[in-house]
1. Name the pairs: first residue in region 21-34 and farther than 16 Å from ILE156 by Cα, second residue of a type outside the set (Ser, Thr, Tyr) and in a helix (DSSP H, G or I), Cβ to Cβ under 7 Å, at least 6 apart or on different chains?
2. Quick one: count up the residues across region 156-191 that are part of a helix (DSSP H, G or I) and either touching an Asp or Glu at 6+ places or on another chain (Cβ under 8 Å) or surrounded by fewer than 13 Cβ atoms within 10 Å (Cβ to Cβ) (or both).
3. Quick one: count up the residues across region 56-100 that are over 17 Å from the mean Cα position of the chain (by Cα), more than 20 Å from ALA112 (Cα to Cα) and of a type in the set (A, V, I, L, M, F, W, C).
4. Please specify each residue of region 40-55 satisfying the condition of being surrounded by fewer than 12 Cβ atoms within 10 Å (Cβ to Cβ) and either acidic (Asp, Glu) or at pLDDT below 95 (or both).
5. Condition first: crowded, with 24+ Cβ neighbours inside 10 Å, among the small types (Gly, Ala, Ser), part of a strand (DSSP E or B) and on the phi < 0 side of the Ramachandran plot. Can you find one or more residues in region 129-147 that meet it?
6. From the residues in region 1-23 that are among the polar types (S, T, N, Q) and outside any loop (DSSP other than H, G, I, E, B), which one is surrounded by the most Cβ atoms within 10 Å (Cβ to Cβ)?
7. Would you mind telling me which numbered condition in (1) modelled with pLDDT of 95 or more; (2) exposed (fewer than 14 other Cβ atoms within 10 Å of the Cβ); (3) more than 15 Å from the chain's Cα centre (by Cα); (4) not in a helix (DSSP H, G or I) ARG30 fails?
Amino acid sequence: MATIREGNNAALVVVDVQVGVVNEAWDATRIIGNIAHAVERARAEKIPVLWVQHNDEELPTDSPQWQWVPELVPAAGEPRIHKQFNSSFEQTNLAEELAAREVSHIVLAGAATNWCIRATAYGALERGYDLTLISDGHTTGTIELESGVTIEAADIVKELNIAMQWVSYPGRTNSTARAEQINFAQPGGAQ
């Protein structure tokens, strides 16, 4: 059973909005703009912003594709967490950074919806955090299966938004809200 996080502090966690991750993602310009808006709001409300950045053979550290998109720049003092697995919690210091800020409510945005956002969302819930997924603040690419079936990126985004409204864990609150409606003080809530 997960430890339910005490307190009511929120943090915005921005995952993998890197050049090589979003360069062919669905509706990337709009999604990046929504994430930038959420970052501005979090900073204005003195909510910590934590930046998670993936590296692997396709995103080697310091390469052009590894870099944050130009619209999103971590500010001085905002933690940067480097990861090699889909979940932002696996073999990283994310949990320690959240604990240092007494965070119990994660507001989540980034890419890719079906990989790192999904894994991080479930990882947060399994670790006892309340979660708000920014419904218009995550994206991915279309998937073409070997069978010839295509799963459209917009449908992948919709599916995770639905899942985050209906999945339930004991003692935790989770839901979605649009970037302009995020209520950092209300887990799972919108203004």
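The values are calculated or read from the model by the stated rules, or taken from the named source; none is laboratory data. Everything numeric in this text was worked out from a predicted model, so none of it was measured. Cβ atoms come from the backbone with ideal geometry, glycine included; neighbour counts cover every protein chain shown.
1. Partner pairs satisfying both residue conditions: ILE32/VAL22; ASN34/ALA179.
2. The qualifying residues number 3.
3. 4
4. We begin by selecting, within region 40-55, every residue surrounded by fewer than 12 Cβ atoms within 10 Å (Cβ to Cβ); these are 44, 46.
Scanning region 40-55 gives no hits.
5. Of the residues in region 129-147, the ones crowded, with 24+ Cβ neighbours inside 10 Å are 129-134, 137-140.
Narrowing further to those that are among the small types (Gly, Ala, Ser): 137.
Then keep just the ones that are part of a strand (DSSP E or B); that gives 137.
Okay, now just the ones that are also on the phi < 0 side of the Ramachandran plot, so 137.
Yes, there is a match, as at least one residue in region 129-147 is crowded, with 24+ Cβ neighbours inside 10 Å, among the small types (Gly, Ala, Ser), part of a strand (DSSP E or B) and on the phi < 0 side of the Ramachandran plot.
6. Restricting to residues being among the polar types (S, T, N, Q) and outside any loop (DSSP other than H, G, I, E, B), the top hit is GLN18.
7. Unmet for ARG30, out of (1) modelled with pLDDT of 95 or more; (2) exposed (fewer than 14 other Cβ atoms within 10 Å of the Cβ); (3) more than 15 Å from the chain's Cα centre (by Cα); (4) not in a helix (DSSP H, G or I): (4).
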